Amino acid sequence: MITLTINGAQLSVDKGTTILEAAQFLGFPIPTLCHMEGLSPYGACRLCVVEIGEGPKAKLVSSCTYPAEEGMKVRTSTARVVKARKMVIELLLASCPQSKTIQDLASKFDVRQQRFKQEWETCILCGRCVRMCAEQMTGHAIGYQGRGETRRIGTPFDMKSEECRLCGGCMYVCPVCQLRCTYTDKDNAICNGCVNLSLPCVEKDQFKEMMCYMDPCVACEISGTHYSNIK
Ligand code: SF4
Ligand code: SF4
Ligand code: SF4
Ligand code: FES
């Protein structure tokens, strides 16, 4: 067992436990975005930042990937942590302001502006979709492509993947693809095609910005623009 202190509270955890898991056990809230229960830690967004160590050796680390260490002292909401967290949210807002998840984070953490160049990306490279496909759907249909600014999610050689079963798992966990068709609710579905409830109907104005949960839609073949790179 490893004994550490979080915000002054001491606890012992198994070796391999992350700071996030230990903090959650004690009930200290730490916001997360790329992290998702059931998927392996990835450490992409740094929203879960916490401060460890003391004095000049104190540093910020991603709690979802950093393992608890013997004698470690963790602080989850110092001024430095809060500032770093807000900066991460500002960067997310600069990248994908249309994401309701990111908007909610901005609201919760009182981020009222973003000072960076405004983009309208459709992906924050959180990797949830890739891990969902590989770890929960055993699909391995999508992965990362390119480097730096051209890094994106896609299928090998941008070809339609034979491994993709159109399960929709990747879209379901995506924090940016928020405008999914609510396919199981007859009145609120775009076409009801996937549950075979009625004939396809795309003449519904309120759905014009929405994306089909499946891609391509099994009935009307409306394609989710966010996922145009995995067709
Ligand atoms: S829809 Fe395809 S790419 Fe997405 S999780 Fe399912 S198998 Fe993977
Ligand atoms: S498509 Fe969505 S889930 Fe996948 S990396 Fe981009 S933002 Fe994350
Ligand atoms: S097939 Fe696609 S658009 Fe039609 S109801 Fe299902 S998820 Fe919605
Ligand atoms: S939630 Fe920990 S780095 Fe994204």
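Assorted remarks:
- Listed conditions (1) assigned to a loop (DSSP other than H, G, I, E, B); (2) over 28 Å from Gly143 (Cβ atoms); (3) at pLDDT 95 or above are all met by Arg112, apart from (3).
- Hey, Gly27 on the phi > 0 side of the Ramachandran plot, at pLDDT 95 or above and small (Gly, Ala, Ser) or not: yes
- Filter result for Val61 (closer than 30 Å to Tyr172 by Cβ, hydrophobic (A, V, I, L, M, F, W, C) and assigned to a strand (DSSP E or B)): yes
- Phe28, sole failed condition from (1) within 16 Å of ligand 1 (Cβ to nearest atom); (2) within 19 Å of Leu105 (Cα to Cα): (1)
- Leu11, sole failed condition from (1) on the phi < 0 side of the Ramachandran plot; (2) assigned to a loop (DSSP other than H, G, I, E, B): (2)
- Among (1) in contact with a Leu (Cβ under 9 Å, 6 or more places away or on another chain); (2) open to solvent by 20 Å² or more (accessible area, probe 1.4 Å); (3) outside any strand (DSSP E or B), the one test that Phe28 misses: (1)
- Residue satisfying all of: in region 142-174; assigned to a loop (DSSP other than H, G, I, E, B) and in contact with a Lys or Arg (Cβ under 7 Å, 6 or more places away or on another chain); modelled with the lowest pLDDT among these: Lys160
- When region 43-58 is filtered for residues that are open to solvent by less than 50 Å² (accessible area, probe 1.4 Å) and either charged (D, E, K, R) or part of a strand (DSSP E or B) (or both), the ones remaining, listed by number, are Val49, Val50, Glu51, Ile52.
- The set of residues from region 64-84 being in a helix (DSSP H, G or I), in contact (Cβ under 8 Å) with a residue 24 or more places away in the chain and among the charged types (D, E, K, R) comprises just one member, Arg80.
The values are calculated or read from the model by the stated rules, or taken from the named source; none is laboratory data. Here the structure is a predicted model, which means the values were calculated and not measured. All Cβ positions, glycine included, derive from the backbone under ideal geometry; neighbour counts span all protein chains shown. Just so you know, the surface numbers come from the protein's heavy atoms only, side chains and all, with ligands and any DNA or RNA stripped out. Shrake-Rupley method; radii C 1.70, N 1.55, O 1.52, S 1.80 Å.
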